[in-house]
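*Asks:* This is the structure I want to talk about, given as structure tokens.
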Amino acid sequence: MADLDRLAAPGSGEERLLRQLDLPRLPRHVAIIMDGNGRWARSRRLPRIAGHRAGIASVREMVETCARLDVGVLTVYAFSKENWKRPKAEVDFLMDLLREYIRKELDELRANNVRVGVIGRPADLPRAVQRELASAVETTRGNTGLLFNIALSYGGRAEIVDACRELLREGVDPVALDEEAFARRLYTAGQPDPDLVVRTGGEMRLSNFLLWQVAYAELVVTPVLWPDFRRRDFVVALLEYQQRERRFGGASPREESDPSPALVQG
């Protein structure tokens, strides 16, 4: 059951926003493209790493909010395969920041019944980071609340290639291959596909994120840079999602009753 009382002060604007949510219609899976750390730092004449560190507070608040709202899965795009091309000093800082976050937050995640997952190619990460992540996954394995996926060394195309490799290794008969069988070889096997993708920073692209899984997800793009993104902004995105009419390629009730010819659209 959603716990709104612990998310906002009674009578606050944030509390009034939360009360507008239709709790039974919240997305089961929210995916977030956390964009804007560099621009946030640049606008304050700070090094890029300051933006990455500031963004940790946003991660913490989104995890808490999703856990309190009873969202089933939260996936954050933390480090893409392309991010390895960044300067070594920045990559090293990001890896250290990830270890620091896991160490500092693990007790809180465990106490709030949050289960940690990792999607991507974690074998690409430094050994020390792999150990920290493996410990977090194992420590929270028995939790039954929010599944918090951290996408690391992740690429949507690479995920599809890895799924194809797995199918080839297993010798799956092409005749037996369908979408469900393919989905079982993805990093997110067994999880619901995202219902909502939120991208901060205003850019209108998916950036190679969950390309298979977001086929019918709703996309909400906000100009708010990630370090400034807070619970209020997230609730606004959820309210926008709840105003959408999700058709999955089918017709709306109004269109079904309209006898006039029209092009079929998704």
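*Asks:* Looking only at the range 100-113, filter to residues that are among the charged types (D, E, K, R) and buried (at least 16 other Cβ atoms within 10 Å of the Cβ); which one of those is nearest to the chain's Cα centre (by Cα)?
*Replies:* Applying the filter and picking the extreme gives 105.
*Asks:* I'm trying to understand the selection: among the residues of the range 1-37, which are touching a strand residue (DSSP E or B) at 6+ places or on another chain (Cβ under 9 Å) and of a type in the set (Lys, Arg)?
*Replies:* Passing the criteria: only 28.
*Asks:* Which ones in the range 220-241 are surrounded by 17 or more Cβ atoms within 10 Å (Cβ to Cβ) and either closer than 18 Å to residue 28 by Cβ or of a type in the set (S, T, N, Q) (or both)?
*Replies:* Within the range 220-241, 220, 222, 234, 235, 237, 238, 241 meet the criteria.
*Asks:* Of all residues in the range 193-208, how many are hydrophobic (A, V, I, L, M, F, W, C) and either buried (at least 22 other Cβ atoms within 10 Å of the Cβ) or in a helix (DSSP H, G or I) (or both)?
*Replies:* The number of residues fulfilling the criteria is 3.
*Asks:* Let me ask something additional. State the number of residues belonging to the range 114-137 that are under 18 Å from the mean Cα position of the chain (by Cα) and either loosely packed, with under 14 Cβ neighbours inside 10 Å or of a type in the set (S, T, N, Q) (or both).
*Replies:* Counting residues in the range 114-137 that are under 18 Å from the mean Cα position of the chain (by Cα) and either loosely packed, with under 14 Cβ neighbours inside 10 Å or of a type in the set (S, T, N, Q) (or both) gives 0.
*Asks:* Restricting attention to the range 137-192, and to residues there that are aliphatic (A, V, I, L, M) and in a loop (DSSP other than H, G, I, E, B), which single residue is farthest from residue 2 (Cα to Cα)?
*Replies:* In this case the residue turns out to be 172.
*Asks:* Identify, please: which residue in the range 42-79 is of a type in the set (D, E, K, R), at negative phi and surrounded by fewer than 16 Cβ atoms within 10 Å (Cβ to Cβ) and is, among those, nearest to the chain's Cα centre (by Cα)?
*Replies:* Here is the first cut: in the range 42-79, the residues of a type in the set (D, E, K, R) are 42, 44-45, 48, 53, 60-61, 64, 68, 70.
Pick out the ones that are also at negative phi and you get 42, 44, 48, 53, 60-61, 64, 68.
Then keep just the ones that are surrounded by fewer than 16 Cβ atoms within 10 Å (Cβ to Cβ); that gives 42, 44, 60.
Numbers: 42: 25, 44: 27, 60: 13 Å.
Restricting to residues being of a type in the set (D, E, K, R), at negative phi and surrounded by fewer than 16 Cβ atoms within 10 Å (Cβ to Cβ), the top hit is 60.
*Asks:* Moving on. Just checking: which of the helices (runs of 4 or more DSSP H) contained wholly in the range 1-99 hold 2 or more residues that are over 15 Å from residue 233 (Cα atoms) and at pLDDT 95 or above?
*Replies:* So the answer is 37-43, 48-69.
*Asks:* Here's something else I'd like to know. Quick one: residue 144 ticks every box in (1) out of contact with any Lys or Arg (no Cβ under 7 Å at 6 or more places or on another chain); (2) buried (at least 19 other Cβ atoms within 10 Å of the Cβ); (3) of a type in the set (Ser, Thr, Tyr) bar one, so which box is it?
*Replies:* For residue 144, the failing item is (2).
*Asks:* Being hydrophobic (A, V, I, L, M, F, W, C), in a strand (DSSP E or B) and out of contact with any Ser or Thr (no Cβ under 7 Å at 6 or more places or on another chain) is the requirement here; does residue 116 meet it?
*Replies:* It is false that residue 116 is hydrophobic (A, V, I, L, M, F, W, C), in a strand (DSSP E or B) and out of contact with any Ser or Thr (no Cβ under 7 Å at 6 or more places or on another chain).
The values are calculated or read from the model by the stated rules, or taken from the named source; none is laboratory data. Just so it is clear, the model here is predicted, and its values are computed rather than measured. Ideal geometry is used to build each Cβ from the backbone, glycine not excepted, and the neighbour counts take in all protein chains shown.
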